[in-house]
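Below you'll find the structure, written out as structure tokens, and then a few comments.
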Amino acid sequence: MSRLELLVDRDGPLTRVAVLADGRLTDLHIDHADRPSLLGAVILGRVERIATGLNGAFIDLGEGPDGGLSGLLPAADVRRPILDDDAPHSRPHSHSNRPGAKPAPIGALLRTGQPVLVQVKADATGSKGPSLTMDITLPGRFLVHAPLGRDIAVSKRLGSGPERAALAQRIENLVTGAGWIVRAGAAQVPDDLLAAESEALHLQWRAIRDDARAGSAPRLLHPGPDAPTRALIEQGAAAPATILVDDPASAGGIRIGDGPLLSGLRDWCGRHAPDLLARLGAHRDSQSLFDLRDLDSAIAELLDIRVPLPLGGSLVIERTEALTVVDVNAGERGNPLEVNLDAAAEIARQLRLRNVGGIVVVDFVNMRSRGDAERVLAALSQAVESDPVQTQVYGMSKLGLVELTRARRGTPLAALLRP
């Protein structure tokens, strides 16, 4: 099993979190103070306008520089009046949609001026505002609390039917409240950690709900996770062996105590991940942590369109208005299958590190047989399986082109790092 490290630093307006597996960068999370993300934020919004043609409603979020940011809530994501009693037996289905059902017309679900509790599921991109849902979810390392849910849903990665049923029963005996999604890896987690996380997430939801009932709209009720906590949540049960924070509180260059990043992480771990407290510490070297581990140059390389492959050959990654294109070059290597198998693993890594979203088309090196093409397709599917962002790989065409989609979430790396 790989040794995981989580390294955190602050560089001007950027809060950066690098996840390393055996010393190699595998994930990167960045917050930009001047371009804050709303991803995962829970907001008490107000219906600004019904868009019949889109079968959705524009919701005033009260956020942004001018306080006038609005996002689109599709009819398919409208649920029951969220401010009602959240006991499962009291949840009416009138004037709301059930997941998977054909959505009712938006005009039958919402009215202009109505307050609605929404969550941002994708940040604004270009001229499009944030994408919203009323399916509130509060993620943890092992569990996700979905307070509108009635059941316990178990990840498909967690074994066969009997094993999944047994895990669901175990979780039901540990959690507080209704509506839980069991993440991959939870089966190996001790009961006390699962119960503690369940309680913390349930209390978080109750605080959001009570705050929503107590005030006017629009206003932010709960921010999305910041870069350090987002990294820990997405690692799930694969806990880092070390969490180092380079954020000294200083006066004239002299360290005088924990900085706000370390204090914030220690507080979050105390409430949500007590098992990680002993692994959390401050970087005390005079040389910056990212400089010491040569991460600044590794991040700079992610802005280059050309990516060398470990055993020769390269990728060329270019973003267009509609999609991202990846071209696989063999270079001087003579075996197309070997080049493509190396490329499949690196493509999955690059999509995560660059936070690429939307449609991706990969032009693999032409191969000799259909069997080789199927091996490459299987390798790519396996490589993206561990991606915390939903990624779907489609078939390979006769030209060796593979289409895949990766959900848009947060801001692409290139946009975060541009001057």
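Computed over protein heavy atoms with a 1.4 Å probe, the accessible surface of the chain works out to 48 Å² per residue.
In a reduced charge model with +1 at each Lys and Arg Cβ and -1 at each Asp and Glu Cβ, the stretch 343-394 shows a dipole moment near 60 debye about its Cα centre. Of all lysines in the structure, the ones whose alpha carbon falls short of 21 Å from that of K121, not counting any fewer than 8 places away in one chain, are K102.
Considering only DSSP beta bridges with both partners in the chain, what is the antiparallel share in %, to the nearest 5? Please list the in-between numbers first.
Details: 66 of 83 bridges.
Percent antiparallel among DSSP bridges in the chain is about 80.
Taking all protein chains together and rolling a 1.4 Å probe, L109 ends up with roughly 20 Å² accessible. Positive-end ranking of S288, V365, A415 along the dipole of the stretch 280-419, with charges on Cβ about the Cα centre, is headed by A415.
Note on I208: accessible area approximately 10 square angstrom, rounded to 10, probe 1.4 Å, nucleic acids and ligands left out. Take D77: with every protein chain present and a 1.4 Å probe, its accessible area is about 20 Å². Placing pseudo-labels 7 Å out from each Cα toward the beta carbon at L401 and A378 gives an inter-label distance of 2.6 nm.
Can you pull the percent of the chain's accessible area that's carbon plus sulfur, 1.4 Å probe, other chains left in place? Don't skip to the end; give the middle numbers.
Numbers: 10530 of 20100 Å².
Carbon and sulfur together cover 52 percent of it.
Just going by the charge dipole of the chain, with Lys and Arg at +1 and Asp and Glu at -1 on Cβ, which of A76, S198, V326 is farthest out on the positive end? Among A76, S198, V326, the one farthest towards the positive end of the dipole of the chain is A76. Helices meeting the span-like rule in the chain (full DSSP H runs, Cα extent of at least 30 Å along the helix axis, mean Kyte-Doolittle score of -1.0 or higher): 191-214. Ignoring the sites themselves, the chain has its longest run without trypsin sites (Lys or Arg not before Pro) in a DSSP loop having at most 12 other Cβ atoms within 10 Å at 158-283. Secondary structure note: in the stretch 221-321, about 70% of the DSSP beta bridges are antiparallel. Around the Cα centre of the chain, unit charges on the Cβ atoms of Lys, Arg, Asp and Glu (plus for the first two, minus for the last two) sum to a dipole of about 1180 debye.
The values are calculated or read from the model by the stated rules, or taken from the named source; none is laboratory data. Keep in mind that what you see is a predicted model, and the values were worked out from it rather than measured. Note that we place each Cβ from the backbone using ideal geometry, even for glycine, and neighbour counts take in every protein chain shown. When the accessible area is computed, the model is the full protein with side chains, heavy atoms only, and any ligands, DNA or RNA have been set aside. Shrake-Rupley method; radii C 1.70, N 1.55, O 1.52, S 1.80 Å.
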